[in-house]
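The values are calculated or read from the model by the stated rules, or taken from the named source; none is laboratory data. This is a predicted model, so every value here is computed, not measured. No Cβ is skipped: glycine too gets one built from the backbone with ideal geometry, and neighbour counts run over all protein chains shown.
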Amino acid sequence: MTTTHDNPYRALPSIDRLVADERLAALVARHGREAVVDLAREVVEGHRQAIEAGAPPSEDPVQAVLDRSAVLRPSLVRVINATGVIIHTNLGRAPLARSAVEAMQRVSSGYSNLEYDLEAGERGSRFTHVERLLCHLTGAEAALAVNNNASAVMLALAALCRGREVIISRGQLVEIGGGFRIPDVLRQSGADLVEVGTTNRTRLADYEAAITDRTAAILRVHPSNFRVIGFTEDTPLADLVRLGRERGLTVIDDLGSGALLDTREFGLAAEPTLQEAVHAGADVVLASGDKLLGGPQAGIAVGRADAIASMRRHPLARAVRMDKGSIAALSATLEHYRRGDAVTEVPVWRMIALEADTLGRRARRWSRACGEHAVAEAGRSTVGGGSLPGEELDTVVCAVTPPDGHASAFAAHLREASPAIIARIEDGRVLLDPRTVDPAEDLHVEITLARLCGRPLPELAAD
Ligand SMILES: *Cc1c(COP(=O)(O)O)cnc(C)c1O
């Protein structure tokens, strides 16, 4: 029998003492004592089992609690996008319209007629909810919305081209980002890729020469995140449609961003719209829901009724179907286009439309919060999200020269704020662009900047 003195269990710390350790004070203040007590219990229990197994632990129990504390913090959190990149893929792409968030909440917090026909009192289809609106807005015969555009591309190819050939220009064999490469998707879908033309030039004759009796489709992919300049030639969609009709081929147009509004009205280059592609006669037009459309993550397919019906019937359609919340949000977003108030209600378009005057006022206020450490100056915002590469919008940024000269450390401190503020660094300065920041968050930005610059907190009053 062991004596009390060499009883190894005596080394176990008491939960109370462990939680009272000053190194855990910040954790207790942030998450409450109860949450930290739970972690402490797990650590002590782990130690007890280790002793039982004859291997007394050597780790510091306080450190063990700290190591486990990541579980108390939600991983996915709101951040403030001060980068000036409107559709920032790493920051969640398009922020949703208020109506979309409300619709999502209404539909998700209870039951809905997701797959129920209220009139007939029987089973319905989740695919019907946005079809009418999409057809109305684009002039297409039929429409289908799935989980995202990558899956819409995959589904279109699997349903319409499997085991047959798909012709694509070498200039469009692109990587969209995150390793999503068009040639890989084609292979996965079971279609055979036939490349034509060169990186910078592909003519109608190149497509024509590649057609065999195994050809199912011509795929056009909008080179959304780069621009080839100089000696280039691209075959217009209308020519491909004419060729496709002559030879009985399906023409699939992957627009990527897929706008419903004309970007030229905002001083930007033309980004192809869904309605233009439908009007030009493409059999299937594909686009993302959360790029220039400004809605939730979704893949939108509009086009000829038989092609869309084949996609809907394909087994993959079940694997890439949309969630009810996203359907509700997409529907509410599309409503704004139907009503004609997308420019004021859909955040992506509201941000595109912001004038430099308004932005200048905000950038100057942010700069004043930094005192002599910042200036407001002309800058450039970008649309991002694989649309309009190289296109910029005039803005005014708050350019901070950090008191200690360390731009990356200053940017890191901005990210430690709650919510985190994401800025960009250029030439040793930290730039913050008000275009992509909700004005309701300006005060948080100002207070954080003032604190990091060692300045008095800004007045609450507007200028
Ligand atoms: C972004 C993009 C995709 C992928 O869309 P997701 O909605 O991100 O899946 C596919 N094709 C093109 C041309 C794109 O720009």
Notebook entry, point to check: Counting only residues that are farther than 18 Å from GLY256 by Cβ and more than 16 Å from the ligand (Cβ to nearest atom), which one in segment 138-159 is surrounded by the fewest Cβ atoms within 10 Å (Cβ to Cβ)?
Noted result: GLY139
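Yes/no matrix, rows are residues, columns are (1) surrounded by fewer than 18 Cβ atoms within 10 Å (Cβ to Cβ); (2) among the hydroxyl-bearing types (Ser, Thr, Tyr); (3) within 18 Å of ARG364 (Cβ to Cβ):
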site: ARG380; (1), (2), (3): yes, no, yes
site: GLY385; (1), (2), (3): no, no, no
site: LEU388; (1), (2), (3): no, no, no
site: CYS398; (1), (2), (3): no, no, yes
site: GLY405; (1), (2), (3): yes, no, no
site: GLU426; (1), (2), (3): yes, no, no
site: PRO439; (1), (2), (3): yes, no, yes
site: HIS444; (1), (2), (3): yes, no, yes
site: ALA450; (1), (2), (3): no, no, yes
Next item on the list: Check LEU457 against each of (1) surrounded by 15 or more Cβ atoms within 10 Å (Cβ to Cβ); (2) modelled with pLDDT under 95 and name the one condition it does not meet.
Entry: (1)
Check: Could you say which residue among ALA374, ALA369, ALA332 is of a type in the set (A, V, I, L, M, F, W, C), farther than 16 Å from VAL146 by Cβ, in the same structural domain as SER189 (by TED's automatic domain parsing) and surrounded by 18 or more Cβ atoms within 10 Å (Cβ to Cβ)?
Finding: ALA332
Item checked: Output for segment 308-335, where each listed residue is within 24 Å of ILE252 (Cα to Cα) and in a loop (DSSP other than H, G, I, E, B) -> HIS314, VAL320, ARG321, MET322
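Please determine whether any residue of segment 157-164 is closer than 21 Å to VAL285 by Cβ, out of contact with any strand residue (DSSP E or B) (no Cβ under 7 Å at 6 or more places or on another chain) and not in a loop (DSSP other than H, G, I, E, B). Step through it out loud before you land on a result.
Kept after step one, since they are closer than 21 Å to VAL285 by Cβ, are these residues of segment 157-164: 157-162, 164.
Retained after the next criterion (residues that are out of contact with any strand residue (DSSP E or B) (no Cβ under 7 Å at 6 or more places or on another chain)): 158-159, 162.
Then keep just the ones that are not in a loop (DSSP other than H, G, I, E, B); that gives 158-159.
Checked segment 157-164: at least one residue is closer than 21 Å to VAL285 by Cβ, out of contact with any strand residue (DSSP E or B) (no Cβ under 7 Å at 6 or more places or on another chain) and not in a loop (DSSP other than H, G, I, E, B).
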Note to self: I need the full set of residues from segment 444-454 which are out of contact with any His (no Cβ under 8 Å at 6 or more places or on another chain) and touching a residue at least 40 places away in the same chain (Cβ under 8 Å), in order please.
What the structure shows: HIS444, VAL445, GLU446, ILE447, LEU449, ALA450, GLY454
Next item on the list: State yes or no: is PRO61 under 13 Å from ALA11 (Cα atoms) and surrounded by 15 or more Cβ atoms within 10 Å (Cβ to Cβ)?
Entry: yes
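Each row is one residue, and each column tells you yes or no for (1) of a type in the set (A, V, I, L, M, F, W, C); (2) within 25 Å of the chain's Cα centre (by Cα).
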| position | (1), (2) |
| --- | --- |
| ARG123 | no, no |
| ARG126 | no, yes |
| CYS135 | yes, yes |
| ALA140 | yes, no |
| ALA143 | yes, yes |
| VAL146 | yes, yes |
| LEU155 | yes, yes |
| GLU165 | no, no |
| VAL174 | yes, yes |
Next item on the list: Those residues that are of a type outside the set (Val, Ile, Thr) and within 16 Å of the ligand (Cβ to nearest atom), I need them from segment 126-137; list them, please.
Entry: LEU134
Notebook entry, point to check: Can you name the condition, by its number, that PRO419 falls short on among (1) crowded, with 16+ Cβ neighbours inside 10 Å; (2) closer than 19 Å to LEU457 by Cα?
Noted result: (1)
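Residues to consider are SER99, SER151; find the one that is within 30 Å of ALA440 (Cβ to Cβ) and in contact (Cβ under 8 Å) with a residue 60 or more places away in the chain. If you could, list the steps in order and put the result at the bottom.
Details: SER151 fails: within 30 Å of ALA440 (Cβ to Cβ).
Only one candidate qualifies: SER99.
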Notebook entry, point to check: Among the residues of segment 167-197 satisfying the criterion of being β-branched (Val, Ile, Thr) and within 13 Å of MET154 (Cα to Cα), which is modelled with the lowest pLDDT?
Noted result: ILE182
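Here is a yes/no grid of residues against (1) in contact with a Leu (Cβ under 9 Å, 6 or more places away or on another chain); (2) in contact (Cβ under 8 Å) with a residue 40 or more places away in the chain:
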{"position": "PRO315", "(1), (2)": "no, no"}
{"position": "ARG318", "(1), (2)": "no, no"}
{"position": "HIS336", "(1), (2)": "no, yes"}
{"position": "LEU354", "(1), (2)": "yes, yes"}
Check: Do you know which of the residues in segment 71-85 that are touching a Ser or Thr at 6+ places or on another chain (Cβ under 6 Å) and either without any contact (Cβ under 8 Å) to a residue 40 or more places away in the chain or not polar (S, T, N, Q) (or both) is surrounded by the fewest Cβ atoms within 10 Å (Cβ to Cβ)?
Finding: VAL85
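Take the conditions away from the ligand (no atom under 16 Å from the Cβ) and either aromatic (Phe, Trp, Tyr) or in contact with a Lys or Arg (Cβ under 8 Å, 6 or more places away or on another chain) (or both) and apply them to GLU165. Does it pass?
yes
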